[in-house]
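Visitor: Dropping the structure in here first, questions after.
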Amino acid sequence: MALQNVNVLLGVTGGIAAYKAPDLVRKLTGLGATVRVVLSPSSSAFVTPLSLQAVSGNIVHQHLLDPEAEAGMGHIELARWADVLLIAPATAHCIAKLAHGLADDLLTTLVLATNAPVFLAPAMNQQMWAAQATQDNLNILTQRNITLFGPASGEQACGDIGYGRMLETHEIANMLDQALVDMPVLASTQSIEVASSEPLPLSGQHIVITAGPTREAIDPVRYISNHSSGKMGYSLAVQALALGAQVTLISGPVALPAPTGCKFISVTSALDMHTAALHAIENAGDIFIACAAVADYRVANVMDHKLKKSADEMTISLVKNPDILADVAALSSPPFTVGFAAETHDVEHYAKDKLTRKKLNMIAANDVSQSDIGFNQSDNALTVFTADAQIVLPKQDKLALAKELLKIVAQHVSNH
Ligand code: C5P
């Protein structure tokens with residue numbers, strides 16, 4: 001594989017095919033490349049920086065005039081870091097800017113600032129592809145040794161038929177790999193650095209994750225719920241995908257987009273989540289991570305009409321919900337089970353109690369009395385307990401934390 005250890009800077013511009021970018025990143029990393037992503041200003045309307053950060057394992061670069069980003073890896077360093085620059089999808093607008101050397105955003109600036117070979121996978125409407133201006137611009141670019149991958153012909157998002165569809169992600173990744181074989185200088189530099197091609201730590205594992213809150217109906221318009229944002233569970237899902245797992249994400253109602261590449265099951269109540277989780281585990285689960293903030297109780301008698309205001313006081317009777325995590329751990333051949341314990345005090349004591357009482361393999365505990373971490377925050381800190389180990393994961397972004405936690409899970413699963 002010529003892409004092994006090659007630094008690929010992937011530029012994503014704002015066409016509908018941008019939604020395929022996370023999959024392209026996975027195909028490139030699957031061939032051994034290290035990928036950093038640069039988003040053009042309009043592309044984030046089609047694909048989220050979070051998904052691309054998760055699958056590439058690197059911060060996504062978006063702005064030219066961002067002092068913070070420049071202090072980290074500035075545009076010149078980024079241009080030097082790249083062994084190859086691939087733009088997929090490359091819109092007609094992007095192609096026009098490149099042909100004329102414009103540098104009004106980070107991506108177009110990088111094209112001028114790098115000496116790495118540039119590859120484009122165009123994607124646009126067939127009429128735009130056929131337009132004389134586009135064809136003239138492409139002529140200029142190919143004369144400058146910029147290589148085009150595609151486009152393909154076929155039915156387009158707009159309903160037209162003709163040339164302009166972006167090639168499939170595996171085709172682009174394989175063509176780039178082949179192009180490097182044909183570029184002896186780059187291929188030989190890279191072959192010196194070929195490291196062990198270890199499989200990803202979670203490849204071959206099917207992980208079922210619960211996330212978000214549940215909603216317990218009182219009547220058709222009211223419910224009982226909690227402040228869980230789903231960020232931790234969704235971060236686990238995206239990182240598990242990046243580490244090679246197959247992921248089923250069962251989520252209560254949250255404001256986050258479903259991560260690309262997972263099997264996504266949307267649920268509302270604890271009972272729905274219970275059914276979905278047991279079904280998913282029965283079908284394929286190797287690892288179960290219960291990250292959802294499941295309501296402990298549900299309303300005993302849900303009204304089928306809106307409750308009317310009358311008396312000054314009202315009593316609602318609640319009944320206990322099933323414990324999804326404990327029920328999964330109690331299966332005759334349970335998966336590797338991981339629970340979360342959100343506590344306001346005596347964190348270690350309650351976490352260890354849950355680990356044994358619910359018969360779990362691992363529990364990740366956090367102190368939710370600290371307002372800057374945990375519920376509804378971007379950061380979290382965890383202490384991970386198993387029967388014989390205790391590992392502290394200090395305060396960090398939930399996405400980074402999810403990766404650390406999953407690496408610990410992967411180690412324990414392999415010894416399980
Ligand atoms: O007992 P407690 O609710 O504190 O346990 C928290 C852990 O159990 C979390 O991993 C949560 O997702 C899981 N849980 C569950 N089903 C419930 C309650 C909690 O899966 N009904």
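The values are calculated or read from the model by the stated rules, or taken from the named source; none is laboratory data. Computed from a prediction, not measured in an experiment: that's the story for all the values here. Don't worry about glycine lacking a Cβ; one is built from the backbone with ideal geometry, like all the others, and counts go over all protein chains shown.
Visitor: Please pick out the residue among LEU256, LEU278 that is in contact with a helix residue (DSSP H, G or I) (Cβ under 7 Å, 6 or more places away or on another chain), surrounded by fewer than 21 Cβ atoms within 10 Å (Cβ to Cβ) and part of a loop (DSSP other than H, G, I, E, B). Steps first, please.
Guide: Working: LEU278 fails: part of a loop (DSSP other than H, G, I, E, B).
After ruling out the rest, the residue left standing is LEU256.
Visitor: Okay, moving on. Could you tell me whether the stretch 219-241 includes any residue that is part of a strand (DSSP E or B), of a type in the set (Gly, Ala, Ser), touching a helix residue (DSSP H, G or I) at 6+ places or on another chain (Cβ under 8 Å) and closer than 19 Å to ALA365 by Cα? Working first, answer last.
Guide: The first filter runs over the stretch 219-241 and keeps only residues part of a strand (DSSP E or B), leaving 219, 222-224.
Then drop every residue that is not of a type in the set (Gly, Ala, Ser), which leaves none.
Checked against the condition, which is being part of a strand (DSSP E or B), of a type in the set (Gly, Ala, Ser), touching a helix residue (DSSP H, G or I) at 6+ places or on another chain (Cβ under 8 Å) and closer than 19 Å to ALA365 by Cα, the stretch 219-241 yields no hits at all.
Visitor: Only one residue in VAL47, VAL60, VAL38 is in contact with a Gly (Cβ under 6 Å, 6 or more places away or on another chain), crowded, with 21+ Cβ neighbours inside 10 Å, under 11 Å from VAL12 (Cα atoms) and of a type outside the set (Ser, Thr, Tyr). Which one?
Guide: Numbers: VAL47 fails: in contact with a Gly (Cβ under 6 Å, 6 or more places away or on another chain); VAL60 fails: in contact with a Gly (Cβ under 6 Å, 6 or more places away or on another chain).
Every option except VAL38 fails the conditions.
Visitor: Exactly one condition in (1) over 23 Å from HIS416 (Cβ atoms); (2) more than 9 Å from the ligand (Cβ to nearest atom); (3) touching a Leu at 6+ places or on another chain (Cβ under 8 Å) is false for ILE281; which is it?
Guide: In the conditions (1) over 23 Å from HIS416 (Cβ atoms); (2) more than 9 Å from the ligand (Cβ to nearest atom); (3) touching a Leu at 6+ places or on another chain (Cβ under 8 Å), ILE281 misses (1) alone.
Visitor: Regarding ASN301, is this residue within 16 Å of the ligand (Cβ to nearest atom) and of a type in the set (S, T, N, Q)? Step through it out loud before you land on a result.
Guide: Working: within 16 Å of the ligand (Cβ to nearest atom): no; of a type in the set (S, T, N, Q): yes.
Against the criterion (within 16 Å of the ligand (Cβ to nearest atom) and of a type in the set (S, T, N, Q)), ASN301 does not qualify.
Visitor: Got a sec? Which of VAL47, VAL25, VAL55, VAL37 is in a strand (DSSP E or B), out of contact with any Cys (no Cβ under 6 Å at 6 or more places or on another chain), in the same structural domain as MET128 (by TED's automatic domain parsing) and among the β-branched types (Val, Ile, Thr)? Break it down stepwise before answering.
Guide: Working: VAL47 fails: in a strand (DSSP E or B); VAL25 fails: in a strand (DSSP E or B); VAL55 fails: in a strand (DSSP E or B).
None of the other options fit; the residue is VAL37.
Visitor: Can you tell me which residue within the stretch 327-341, out of those that are near the ligand (Cβ under 7 Å from one of its atoms) and among the small types (Gly, Ala, Ser), is surrounded by the most Cβ atoms within 10 Å (Cβ to Cβ)?
Guide: So, considering only residues that are near the ligand (Cβ under 7 Å from one of its atoms) and among the small types (Gly, Ala, Ser), the one surrounded by the most Cβ atoms within 10 Å (Cβ to Cβ) is GLY339.
Visitor: Let me ask something else. When the residues of the stretch 80-131 are filtered to those that are farther than 17 Å from ARG144 by Cα and of a type in the set (S, T, N, Q), which remaining residue is surrounded by the fewest Cβ atoms within 10 Å (Cβ to Cβ)?
Guide: Only one residue fits best here, namely GLN127.
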